[in-house]
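*Asks:* Provided herewith is a single structure, encoded as structure tokens, for subsequent inquiry.
Since every read-out is calculated from the coordinates, none of them should be taken as a lab result. Just so we're clear, the structure is a prediction, and the values are computed from it rather than from any experiment. So basically every Cβ, Gly included, is an ideal-geometry build from the backbone, and we count neighbours across all protein chains shown.
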Amino acid sequence: MAGMTGMPLVPGNNVEIYNNGDEFYPAMLDAIERSQHSVTMEQHMFWNGQVGRRFAQAFAEKAQQGISVKLLVDAVGSPALSDEIQKILRNSGCQIAWFRPIHWYTPDRANHRTHRKSLILDGRIAFTGGAGIADCWLGTAEHEGQWRDIQVRVEGPAVLAQQTGFAQNWLLTTGELLSGHEFFPLPEPAGDLDVQTILSSPVSGAGAVGTMYMIALQCARDYLYIANPYFIPDLRVIAMLDDARRRGVVIKLMVAGKRNDSWWARQNSLRLYGRLLEAGVEIYEFLPAMLHQKTMVVDGAWATVGTTNFDNRSFALSEETNICFWQPALVEELRQIFIADLARCQKIELGTWKRRGTWQQTKEKFASLIEDQV
């Protein structure tokens, strides 16, 4: 994995897993409050609402203390960031910049987005995962208004990679070059865990997250547990899944069901169910709420949590971040979370899929026209 992606395993870290907004938002806000030197955030979804205002106030309090607060927000992913929140941030001294805003004279910017969700404190603690800053992530995924998601907290030298990703895009957006110990402190061990941070960017031509997923599929020998809201594999991935099944790998795929925020992704995913089911892949749709986490567990030996959807947009068009680890207890924790979520899913049967109506198949064919853009 390190050899093919060019991104090393970094020793000396601690990693914690948080389920849903009621767990990860308090942990993130506490880390902001404890920060002493810098706060940086690269965020695809920073929306108006209770959560957005609370984070804005936390950022403002740190800026008023004289701590550097720099926020990079995707211009397409965060159209709902209100003037009220922006005023709170700017009046307190926070720096906020918009990643690749679109104007009538810059249509070429539309595809390349930052899909990262990185919050980095003092260059020593970082959070990432599927969640943005918005009210839809509050709660415990009990009903439609509470999205199901996972975030990880990383502490230690591996945080440098997430800070590097932020710094590169901050430079691209603002022209400001970050340096100094407040952003890049000398590495100090915080645990005994090796962590690999996969940074992927179309600017550098490094589709590293796609490579990471392909390696995981190819190396699996016992099982593959994949949770991803938008699963739109190309023919190469379908062939690799088929090969894995032929060598006896159990593959369980958990996806967003009818409670889905993307009609286009939903239709494209449904269209491909047949090929996957015929190959022996078990497909489960999460029922209570929108499933939004992006995780994979392989053979009880390796796991990843991050921002990357299993589709062409994440692989080729967006800035993404995934955290990978090999520590047995942590991998088992993620496996147990996956198993618990299966109890709230409906298993899709091949016969049922084949009996879907003509109108449904028409919608799938129509959606397939922009499969590479979803």
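*Asks:* Between Ser179 and Arg356, what length comes free when the chain is fully extended (0.36 nm per residue of separation minus the Cα-Cα distance, one decimal in nm)? Please report the intermediate quantities before stating the final value.
*Replies:* Values: separation 177, 0.36 × 177 = 63.72 nm, distance 5.67 nm.
Here the answer is 58.0 nm.
*Asks:* What angle, in degrees between 0 and 90 and rounded to the nearest 10, separates the Cα long axis of helix 208-219 from the longest principal axis of the Cα atoms of the chain?
*Replies:* The two axes meet at around 40 degrees.
*Asks:* Can you tell me the relative contact order of segment 208-368? Whole percent, Cα pairs under 8 Å, sequence separation 6 or more. Intermediate values should be presented prior to the final figure.
*Replies:* Numbers: 277 pairs, mean separation 44.1, N = 161.
Over segment 208-368, the number comes to 27 percent.
*Asks:* Could I have the simple spin-label model distance between Asn91 and Ala239, label points 7 Å from Cα toward Cβ, reported in nm to one decimal?
*Replies:* 6.0 nm
*Asks:* What shape does segment 282-374 take by its C-alpha gyration tensor, where a ≥ b ≥ c are the square roots of the eigenvalues and a/c under 1.5 counts as rounded, a/b above b/c as prolate, and the rest as oblate? Could the numbers behind the result be given before it?
*Replies:* Numbers: a/c = 2.84, a/b = 1.41, b/c = 2.01.
It comes out oblate by the Cα gyration axes.
*Asks:* A follow-up question, please. Which entries of Lys62/Lys87; Lys252/Lys294; Lys252/Lys365 show an alpha-carbon separation above 19 angstrom in the structure shown? Write out the running numbers ahead of the final one.
*Replies:* On the way: Lys62/Lys87 15 Å; Lys252/Lys294 14 Å; Lys252/Lys365 25 Å.
Over 19 Å apart, Cα to Cα: Lys252/Lys365.
*Asks:* On C-alpha positions alone, give me the angle between the axis of helix 83-92 and the longest principal axis of the chain, in degrees, nearest 10.
*Replies:* 40 degrees
*Asks:* Further question: Tell me, what does the Kirkwood hydrodynamic radius of segment 208-368 come to in angstroms if you use every pair of distinct C-alpha atoms?
*Replies:* Values: mean 1/r = 0.0627 Å⁻¹.
About 15.9 Å, per the Kirkwood formula over Cα pairs.
*Asks:* Computed FRET efficiency, Cβ-Cβ of Ala279 and Asp83, R0 41 Å: what is it to the nearest 0.05? Walk me through the numbers before you get to the answer.
*Replies:* Working: r = 50 Å, r/R0 = 1.23.
Result of the calculation: an efficiency of 0.25.
*Asks:* Quick one: what are the phi-derived ³J(HN,Hα) couplings along segment 305-316, Karplus 6.51/-1.76/1.60 with θ = phi - 60°, whole Hz, x for glycine and proline?
*Replies:* 9, x, 9, 8, 7, 8, 8, 5, 4, 5, 6, 10
*Asks:* On to the next question. Calculate the all-directions average of the projected area of segment 170-223's alpha-carbon convex hull, and give it in nm². Each step should come with its number before you reach the end.
*Replies:* Working: hull surface 25.8 nm².
That works out to 6.5 nm².
*Asks:* Let me ask you something else. Hey, what number do you get for the chain at 222 nm if only DSSP H runs of n ≥ 4 count, each worth -39500 (n - 2.57), divided across all residues, to the nearest 500? Spell out each step's value before the answer.
*Replies:* Values: 11 runs with 130 residues, N = 374.
Computed mean residue ellipticity for the chain: -10500 deg cm²/dmol.
*Asks:* Over the chain, what is the relative contact order in percent, taking alpha-carbon pairs closer than 8 angstrom and at least six residues apart? Let's see the in-between values first.
*Replies:* Working: 845 pairs, mean separation 71.7, N = 374.
Reported relative contact order: 19 percent.
*Asks:* Which stretch or stretches of segment 214-241 have amide N atoms under 16 Å from the point lying 7 Å from Ala316's Cα along the Cα→Cβ direction?
*Replies:* What the label zone holds, given the 16 Å backbone N cut-off, is 214, 232-238.
*Asks:* Would segment 10-194 count as rounded, prolate or oblate if I go by the C-alpha gyration tensor, calling it rounded below 1.5 in a/c and otherwise prolate when a/b exceeds b/c, oblate otherwise? Intermediate values should be presented prior to the final figure.
*Replies:* On the way: a/c = 1.41, a/b = 1.12, b/c = 1.26.
It is rounded, given that a/c, with a ≥ b ≥ c, falls under 1.5.
*Asks:* Something else about it: Jot down the per residue volume, in cubic angstrom and as a whole number, of the convex hull over the alpha-carbon atoms of segment 120-253. Could you put the intermediate results ahead of the total?
*Replies:* On the way: hull volume 22.1 nm³, N = 134.
Cα convex hull per residue, to the nearest whole number: 165 Å³.
*Asks:* A further question follows. Using only alpha carbon pairs under 8 Å that are at least six residues apart, calculate the relative contact order of segment 10-194 and give it in whole percent.
*Replies:* Details: 394 pairs, mean separation 62.1, N = 185.
Relative contact order comes out at 34 percent.
*Asks:* For segment 311-330, list residues with backbone N below 19 Å from a point placed 7 Å from the Cα of Leu172 toward its Cβ?
*Replies:* Under 19 Å, as judged by backbone N against the label point of Leu172, lie 311-323 of segment 311-330.
*Asks:* Provide the per-residue ³J(HN,Hα) series for segment 182-191, in order, calculated from phi with Karplus coefficients 6.51, -1.76, 1.60 and θ = phi - 60°, each as a whole number of Hz, with x at glycine and proline positions.
*Replies:* The phi angles translate into 5, 9, 10, x, 4, x, 10, x, 10, x Hz.
*Asks:* Using the alpha-carbon centroid of each, what span in Å lies between segment 333-367 and segment 176-202?
*Replies:* One Cα centre to the other: 38 Å.
*Asks:* Read phi for every residue in segment 284-300 and hand back ³J(HN,Hα) as whole Hz from Karplus 6.51 cos²θ - 1.76 cosθ + 1.60, θ = phi - 60°, with x for Gly and Pro.
*Replies:* For segment 284-300, the Karplus curve yields 10, 9, 6, 8, x, 8, 5, 7, 10, 6, 10, 9, 8, 10, 10, 6, x Hz.
*Asks:* FRET efficiency for Ala27 and Tyr223, Cβ-Cβ distance as r, R0 = 35 Å, nearest 0.05? All intermediate terms of the calculation are to be shown ahead of the outcome.
*Replies:* Details: r = 29 Å, r/R0 = 0.84.
The formula returns an efficiency of 0.75 here.
*Asks:* Could you please state, rounded to a whole Å, how far the C-alpha centre of segment 91-163 is from the C-alpha centre of segment 288-308?
*Replies:* Segment 91-163 and segment 288-308 have Cα centres spaced 17 Å from each other.
*Asks:* Taking the convex hull of the alpha carbon atoms in the chain, what volume per residue do you get, in Å³? Each step should come with its number before you reach the end.
*Replies:* Values: hull volume 49.6 nm³, N = 374.
Given the Cα convex hull of the chain, per-residue volume reads 133 Å³.
*Asks:* Per 0.36 nm of contour for each residue apart, how much would the distance between Thr164 and Gln336 grow if the chain were fully extended, relative to their Cα-Cα spacing?
*Replies:* Values: separation 172, 0.36 × 172 = 61.92 nm, distance 3.19 nm.
Fully extending the segment from Thr164 to Gln336 adds 58.7 nm.
*Asks:* On C-alpha positions alone, give me the angle between the axis of helix 50-64 and the longest principal axis of the chain, in degrees, nearest 10.
*Replies:* Long axis of 50-64 versus the principal axis of the chain: about 30 degrees.
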